[in-house]
1. Please go through segment 124-141 and pick out each residue that is in a helix (DSSP H, G or I), surrounded by fewer than 18 Cβ atoms within 10 Å (Cβ to Cβ) and not basic (K, R).
2. Got a number for residues in segment 86-97 being among the hydrophobic types (A, V, I, L, M, F, W, C) and modelled with pLDDT under 90?
3. Residues to consider are E188, E171, E162, E200; find the one that is assigned to a strand (DSSP E or B), modelled with pLDDT of 90 or more, open to solvent by less than 100 Å² (accessible area, probe 1.4 Å) and at negative phi.
4. Where in segment 227-310 are there strands (runs of 3 or more DSSP E), lying fully within it, with 2 or more residues that are exposed (fewer than 15 other Cβ atoms within 10 Å of the Cβ) and in contact with a His (Cβ under 7 Å, 6 or more places away or on another chain)?
5. With the checklist (1) open to solvent by less than 60 Å² (accessible area, probe 1.4 Å); (2) more than 29 Å from K147 (Cβ to Cβ) in hand, flag the one item N67 doesn't pass.
6. Does segment 78-110 hold any residues that are surrounded by 16 or more Cβ atoms within 10 Å (Cβ to Cβ), more than 15 Å from D149 (Cβ to Cβ) and of a type in the set (V, I, T), and which are they?
Amino acid sequence: MKKIKRPIFYYLAFSITLLVVIVNLSSLKSNFWTIAIWGALAILTFALLVKKNKQYKGNKLRQKKLNDKIENQFKDFYYSVLNEQKINDSALLVSQIAQTEKLNENIIKSIRDKMILSIMDEIVKVETTEGSLSPTGYNRIVLTAQKLDISIDNQKSKESIEKLRKYWELENGDLPVINTSISLQKDEVCFYQDFCKWFEHRKITKSVSYSGITGSLKITKGVRYRVGNIKPKKITVDTLSEIDNGTLFITNKRIIFMGTHKNINIKYSSILAIVPYSDGVGIEKDSGKSPILGCNNPDILSRILARLNK
């Protein structure tokens, strides 16, 4: 299966001949026969371009149909393997397809490898729909990888899987208790501690010295009329401001923030919703300011808070 190339040469040839025709038409020195010859060449190269472009599209379509046919063969084969209806002897299937379609085995292997990754991605996507990975889902992924004879032990895959498994544990397992240096209430335990920036929405009033379209009109000699309002104007905008920074503690009873300027406690009974962000976690309260906590591990923090807030 050779790589199908676009008819670039014919595009270039047509462009050059068309350019020459345009130059000759605009030149006063060009005669009729020169324009006629180049015009005929432009028409000829255009006709060849259309023909070659049609062949190119036809070859691409045939190649796509052949690729789809081979991919479907491997898809049916591997799903039969996963359902334990067939033994994973893909080398034999590669050889059979290569002989039938008269293609190089390396090309068939590349299509096979692509299909294996596609099936694996589909299984992983199903098992991680909720943004976490359960023990049952993890076992299915490992078993699928074994049946497909592929490895998930590369560093990137291992880190992604372990992160998703940790998320599931935070949402469903026992939250790990950590020791802290602060005094806690009776029967109160801490699950999370980290540096945190405390943000709140604040209204800020700004002074604008000019508004309107700038311009001036001449009234008479030495006198001009200025267009536009130069009277200072005040506008109020809502902005997210960093109020404080310090250490955040998440316990089974409350959220504790020990900042540089002040300490804050939030009970779960006053929280309406937990809003996760890519770099922080928002806390929607039933009264007072609703802060946004800027932290290093917002995905972990949001899951712990969402669970405790239930």
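The values are calculated or read from the model by the stated rules, or taken from the named source; none is laboratory data. Everything quoted here is computed from the prediction, not taken from an experiment. Positions of Cβ are generated from backbone atoms using ideal geometry, with glycine treated the same way; all protein chains shown enter the neighbour counts. Surface accessibility is based on the protein's heavy atoms, side chains included, excluding ligands, DNA and RNA. Shrake-Rupley method; radii C 1.70, N 1.55, O 1.52, S 1.80 Å.
1. Residues of segment 124-141 that are in a helix (DSSP H, G or I), as a first pass: 124-127, 135-141.
Now narrow it down to the ones that are surrounded by fewer than 18 Cβ atoms within 10 Å (Cβ to Cβ): 125-126, 135-136, 138-140.
Result: V126, P135, T136, Y138, N139.
2. If we filter segment 86-97 for residues that are among the hydrophobic types (A, V, I, L, M, F, W, C), which is where we start, we get 87, 91-94, 97.
When the remaining residues are screened for being modelled with pLDDT under 90, the result is 87, 91.
Selection size over segment 86-97: 2.
3. On the way: E188 fails: assigned to a strand (DSSP E or B); E171 fails: assigned to a strand (DSSP E or B); E162 fails: assigned to a strand (DSSP E or B).
Answer to the check: E200.
4. Details: elements: 233-251, 254-259, 263-267, 271-276, 280-285, 292-294.
Where strands (runs of 3 or more DSSP E) fall fully within segment 227-310 and carry at least 2 residues being exposed (fewer than 15 other Cβ atoms within 10 Å of the Cβ) and in contact with a His (Cβ under 7 Å, 6 or more places away or on another chain), they are 233-251.
5. Here N67 meets the rest and fails (2).
6. I97, I107, I108
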